[in-house]
Amino acid sequence: MDTLAVVSIVLLGGIALGIALGLPVAVAMGLPSAIAIALLLGWEGAALTSAQRMFAGTNSFALLAIPFFILAGGLMNTGGIAARLIDLAKVLSGRLPGSLAQTTVVANTMFGAVSGASVASAAAVGTVLSPRMKKEGYDPSFTAAVNAASSPAGMLIPPSNTFIIYSLVSGTSIAALFLAGVGPGLLWSLLCALVVLIYVRKRPELRASERPTVREGFIVFLRAIPALGMIFVVIGGILLGWFTATESSVIAVVYSLVLGFVQRTLDWRKLPAIVLEAAKTTAIVMLLIGVSGILAWVLSFARIPETITAGLLGLTDNTAIILIIIMVVLLLAGTVMDPTPAILIFTPILLPVVTALGVSPIHFGAMMVFNMCLGNISPPVGNNIFVAARVARVRIEPVFGRIMPFFWALCAGLLLVTFWEPLSLWLPQAFGLIRP
């Protein structure tokens, strides 16, 4: 067995073992990578190369967008923005069957689009609506399930930190990825709404709809316009060329601060805690990105992506079959991994495979992030499920059963995203960010 084969076994086997043992993902990625480099260059070379790769991996102007978007999401979550968006969601969905459940879906879509954080969205929306849904006769486990299932839409609809990370690894345009996520994100919300409709058909007592007056709806809409304005400022500014995606994250922070203070919904005494929480989250993400730089170097040196590409293309030349295999692998990985490390690990391995098949890297990004969103609502990790169950004050076990109809509907959505390219590519092509 040659050295590169041993390195490949140590690297991939070590990562799988570390994850199975429940080690922190940064350790599970970094330790096998360092050992693999030591087999190639010796321990002194491993230490030097690892340090260089970690620095190079985080030395990117584009990465500055992540801490600022995280901070903007924290400011909006604490500054009362969620309440105004939920009020608007009630107006938009008040005439639909199962109006409160539909309000949860709409509110998660809007708040997720503003904050870009699915877990924060589940916490904010669930805290407001879960008690109300329980009072109106909804099964608490279903209440938690619809909240958990609809909240990941914010990872797809821009601005999205997940797409920024994929852009870093794949070398693709952040602006194009942002637009590519709009179609899949709206599809995600639509499928959740359809599952709610099916559920309500079996529960006639939940069909009563709230019918706000035109005047009440207009007032709620006016109060929500400033919050929704951030989406148009951030995304519109990028598309019009006024600022880059990284600069837009700073605009988002300033916008959130000004909005919170002008509307008197943000307490300046809470700012240190908000900044500290954003710093903690950023530190975790940046450590993972730094460690992924070591992993990427070893993968490239050992030619592992090329080997996997040749193996899959040798297995079959059917693009559909290979894409299904890839999606199943990512779906299984998503059950035990968070989206960020999964994207950092699998993108450099799988992107060469799909590009060899003629699949657009932008389209693959939408497929991958949609897949990772499914991981957020599938056991045993399923962070959104745990958050939704906590705010609804129910045990986690019955929520797993209630969320499965959403999960299978969204799996059908994943197939649609995978095999219908215009869903993700139409908007980037319309704005001239990628060629048709």
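The values are calculated or read from the model by the stated rules, or taken from the named source; none is laboratory data. Computed from a predicted model, the values in this text were never measured in an experiment. So basically every Cβ, Gly included, is an ideal-geometry build from the backbone, and we count neighbours across all protein chains shown.
Quick notes
- Single residue of ILE35, ILE15 found to be within 17 Å of VAL291 (Cα to Cα), hydrophobic (A, V, I, L, M, F, W, C) and crowded, with 20+ Cβ neighbours inside 10 Å: ILE15
- With respect to (1) of a type outside the set (A, V, I, L, M, F, W, C); (2) free of Cβ contacts under 8 Å to residues at least 40 places away in the same chain; (3) under 25 Å from SER249 (Cα atoms), the lone exception for GLY42 is condition (3).
- Pairs where the first residue, in the stretch 231-252, is closer than 16 Å to GLY181 by Cβ and the second is part of a helix (DSSP H, G or I) and among the hydroxyl-bearing types (Ser, Thr, Tyr), C-beta under 6 Å, 6+ apart: VAL234/SER248; ILE238/SER248
- In summary, GLY241 fulfils each of the numbered conditions (1) of a type outside the set (S, T, N, Q); (2) outside any helix (DSSP H, G or I); (3) in contact with a Pro (Cβ under 6 Å, 6 or more places away or on another chain) with the single exception of condition (3).
- Failed condition for ASN376, given (1) under 30 Å from LEU239 (Cα atoms); (2) surrounded by fewer than 18 Cβ atoms within 10 Å (Cβ to Cβ); (3) within 16 Å of the chain's Cα centre (by Cα); (4) not acidic (Asp, Glu): (2)
- If you go through the stretch 175-195 and pick out every residue that is of a type in the set (Val, Ile, Thr) and either farther than 15 Å from PHE406 by Cβ or modelled with pLDDT under 90 (or both), you end up with 1.
- Residue in the stretch 388-400 that is within 22 Å of ALA176 (Cα to Cα) and either touching a Phe, Trp or Tyr at 6+ places or on another chain (Cβ under 6 Å) or not assigned by TED's automatic domain parsing to the domain that holds LEU21 (or both) present: no
- Single residue of LEU239, LEU228, LEU206, LEU257 found to be more than 30 Å from ARG95 (Cβ to Cβ), modelled with pLDDT under 80 and not polar (S, T, N, Q): LEU239
- Listed by first and then second residue, the pairs linking a residue in the stretch 356-381 that is in the same structural domain as TYR166 (by TED's automatic domain parsing) and farther than 15 Å from LEU331 by Cβ to a residue that is assigned to a loop (DSSP other than H, G, I, E, B) and hydroxyl-bearing (Ser, Thr, Tyr), with Cβ atoms under 7 Å apart and 6 or more places separating them unless they lie on different chains, are PRO361/THR172; ILE362/THR172; GLY365/THR172.
- Taken as a whole, the stretch 74-81 holds at least one residue that is assigned by TED's automatic domain parsing to the domain that holds SER248 and either closer than 30 Å to ARG201 by Cα or surrounded by fewer than 20 Cβ atoms within 10 Å (Cβ to Cβ) (or both).
- Those helices (runs of 4 or more DSSP H) of the stretch 152-197 in which 2 or more residues are in contact with a Pro (Cβ under 6 Å, 6 or more places away or on another chain) occupy 161-170, 174-180.
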